[in-house]
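Written out below as structure tokens is the structure these notes cover.
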């Protein structure tokens with residue numbers, strides 16, 4: 001019970017959480033699945049992806065041989081949601097002026113990219129996004145079963161209108177989602193990145 005006397009799981013009528021999820025499309029016990037696109041095999045199960053995944057269209061699936069880099073998307077404090085309002089405010093645009101792509105020092109070195117270079121990110125869906133490279137120590141390649149996997153991170157707060165315009169990261173993402181909530185799996189996908 002919370003301090004105010006209510007139960008913390010406010011989306012449930014009884015206000016409580018459960019270990020099991022009866023009545024769920026992919027339950028009753030939660031299981032780890034790899035994203036729709038992954039460069040590695042599921043280490044927790046023989047089932048690679050969620051068999052009940054929701055798809056809004058026939059979506060191309062990238063292979064790690066062609067798209068070896070894992071991309072994640074994120075929000076920015078300076079631009080709320082897609083930035084439709086905040087990219088029209090000069091003081092917020094000054095703080096976060098353009099689309100960018102964060103990457104590790106190791107990936108940048110391997111691809112001949114320096115901070116400030118314009119890069120192009122491409123996915124199996126045929127879309128591409130341009131942004132400024134930010135080479136950072138925040139991202140590091142990781143090793144999984146003897147394979148080195150690089151990752152990049154890009155915000156999805158840009159679009160075609162406002163004082164600051166730019167490509168939307170969702171041009172790259174697959175149109176699939178969680179079967180229980182319908183929340184799109186826009187946070188992890190395979191891509192390739194190159195200097196523009």
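Nothing in this text is a laboratory measurement; each read-out follows from the coordinates by a stated rule. Quick caveat, the model's predicted, so the values are computed rather than measured. We place every Cβ from the backbone using ideal geometry, glycine too, and count neighbours over all the protein chains shown.
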Q. Residues in the range 173-196 near a label at residue 52, defined as backbone nitrogen under 12 Å from the 7 Å Cα→Cβ point?
A. 178-182
Q: Mind ranking 149-156, 49-56, 36-43, 162-169 by how tightly packed they are, going by the mean number of other C-beta atoms within 10 angstrom, highest first?
A: 149-156, 162-169, 36-43, 49-56
Q) Per-residue ellipticity at 222 nm for the chain, helices alone: DSSP H runs ≥ 4 residues times -39500 (n - 2.57), over residue total, nearest 500 deg cm²/dmol? A) -1500 deg cm²/dmol
Q: Can you tell me which of 109-122, 62-75 comes out highest on packing, and rank the rest after it, using the mean Cβ neighbours within 10 Å?
A: 62-75, 109-122
Q: Can you pull the one-decimal nm distance between simple spin-label points at residue 194 and residue 171, each 7 Å off the Cα toward Cβ?
A: 1.6 nm
(Q) For the range 19-147, take every pair of Cα atoms, bin their distances at 5 Å starting from 0, and report each bin as a whole percent. (A) 2, 8, 13, 16, 17, 15, 14, 9, 5, 2, 0
Q. Which FRET efficiency value, to the nearest 0.05, do you get for residue 66 and residue 160 by plugging their Cβ-Cβ distance into 1/(1 + (r/R0)^6) with R0 = 30 Å?
A. 0.60
**Q.** residue 18/residue 138 FRET efficiency (R0 30 Å; Cβ-Cβ; nearest 0.05)
**A.** 0.30
(Q) If R₀ is 41 angstrom, what is the calculated FRET efficiency for the pair residue 149 and residue 7, using the beta carbon separation as r and rounding to 0.05? (A) 0.55
